[in-house]
Amino acid sequence: MIKNQIKRILVPMDGSKTSEKALDEAIEVARATHATILGLNVIPFLPAEFMPAVAPYKIYQKKEAGLFLEKAKYRAAKHGILFSYAILYGSPVEQIIAVSKKKKIDLIVIGARGKGRVKELFLGSVSNAVLHKSQIPVLLVK
């Protein structure tokens, strides 16, 4: 029954080890359900006081995201899974929720903690917010 329910999986990725573990879990689910995976990286906006640094920041972050998302695509392909990705700007939580609705995602697989500034928290702020705001199932990976 689950085979027919999960066709599109969203994996928010920030290049952290936890997001790589989330990708591995998504690959396993995708193999079992014949689903596709959409990798998503959201580059957060910088505060206004950093305006002179915005352009180099965006260029650097987009380049870094492209590198680890291409590696993720290759990793998924090795298991026969179709993987596409997007790099967006804005609030990570808002973009994850918006993309999940727009792309009619069936499951979000997200790392419990990413590269955020406060890694010591039990549950990352982004994953916690996605878990509570999502209207679709969320799989948290530690």
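Assorted remarks:
- Some residue of segment 84-93 being aromatic (Phe, Trp, Tyr), at pLDDT 95 or above, open to solvent by 40 Å² or more (accessible area, probe 1.4 Å) and under 13 Å from the mean Cα position of the chain (by Cα): yes
- Entry remark, segment 58-83: residues being of a type in the set (Ser, Thr, Tyr) and either surrounded by 14 or more Cβ atoms within 10 Å (Cβ to Cβ) or in contact with a Phe, Trp or Tyr (Cβ under 7 Å, 6 or more places away or on another chain) (or both) number 0 in total.
- Screening GLU20 on (1) open to solvent by less than 10 Å² (accessible area, probe 1.4 Å); (2) out of contact with any strand residue (DSSP E or B) (no Cβ under 7 Å at 6 or more places or on another chain) shows it passes everything except condition (1).
The values are calculated or read from the model by the stated rules, or taken from the named source; none is laboratory data. No experiment lies behind these values; they were computed from the predicted model shown. Virtual Cβ from ideal backbone geometry, glycine too; neighbours counted across all protein chains shown. Accessible surface is based on the protein model in full, side chains and every heavy atom, while ligands, DNA and RNA are left aside. Shrake-Rupley method; radii C 1.70, N 1.55, O 1.52, S 1.80 Å.
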